[in-house]
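Everything on this sheet refers to the single structure shown next.
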Amino acid sequence: EILGISVDTKKDEANWQNTIAKFKLNWLQYLDTNGKETEKLFIRKFPTNFLLDNRGVILKKNISPEDLELFLKKNLN
């Protein structure tokens, strides 16, 4: 499952929503106004991605699409 979190100001919310629609980002999207929640998680680089297991444990951080494909081939039956 993919989840998107955008760190923007409240005044940029319309632009954020337009971008989601324009690029057809059809997965869950959340707005972290002014980065309050991402700061708590020490996320300071954008974009950042995490690969989690079914328990929510972080397996990889900032994994490239190529490395993700290799990881999934190696770890999924």
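Structural remarks
- Residue pairs, from the table K10/K36; K10/K40; K24/K73, whose Cα atoms sit over 21 Å apart: K24/K73
- Remark on L31: its backbone amide H falls under 5 Å from those of S6, a criterion applied only to residues 5 or more positions apart or on other chains, H modelled at 1.01 Å from N.
- Principal-axis tilt of helix 13-22 within the chain, Cα atoms, nearest 10 degrees: 50 degrees
- Sites listed here are trypsin sites (Lys or Arg not before Pro) in region 1-67 whose DSSP assignment is loop and whose Cβ has at most 12 other Cβ atoms within 10 Å: K24, R44, K45, R55.
- Cβ charges +1 (Lys, Arg) and -1 (Asp, Glu), total dipole of region 12-77, debye: 180 debye
- Subtracting the Cα-Cα distance of A14 and D53 from their residue separation scaled by 0.36 nm leaves 10.8 nm.
- In the chain, the chymotrypsin sites (Phe, Trp or Tyr not before Pro) that fall in loop regions by DSSP, at most 15 other Cβ within 10 Å: F23, W27, F42
- Residue-by-residue Karplus 3J(HN,Hα) for region 43-54, coefficients 6.51, -1.76, 1.60, Hz, glycine and proline x: 8, 10, 10, 10, x, 10, 10, 10, 9, 10, 8, 6
- The phi-based Karplus calculation (6.51 cos²θ - 1.76 cosθ + 1.60; θ = phi - 60°) puts the 3J(HN,Hα) values of region 58-72 at 6, 8, 8, 10, 6, 7, 6, x, 5, 5, 4, 4, 4, 4, 5 Hz, whole numbers, x for Gly and Pro.
- The apolar share of the surface of the chain, taken as the fraction of accessible area on carbon and sulfur atoms (1.4 Å probe, ligands and nucleic acids excluded), comes to 56 percent.
- Three-way shape label, the chain, alpha-carbon gyration tensor, a/c 1.5: prolate
- Accessible surface, the chain, averaged per residue in Å² (probe 1.4 Å): 87 Å²
- Over the chain, Cα pairs under 8 Å with separation of 6+ residues give a relative contact order of 24 percent.
- Choice from I43, I20, I58 showing the highest fluctuation, given a GNM over the chain with Cα pairs closer than 10 Å: I58
- Charged neighbours of F71, selected by a Cβ distance under 14 Å, balance to 0 (K, R count +1; D, E count -1).
The values are calculated or read from the model by the stated rules, or taken from the named source; none is laboratory data. Note that the coordinates shown come from a computational prediction; the quantities given were computed from them, not determined experimentally. Because the Cβ atoms are built from the backbone with ideal geometry, glycine has one as well, and the counts that use them run over all protein chains shown. Surface areas here come from the heavy atoms of the whole protein model, side chains and all, with no ligands, DNA or RNA. Shrake-Rupley method; radii C 1.70, N 1.55, O 1.52, S 1.80 Å.
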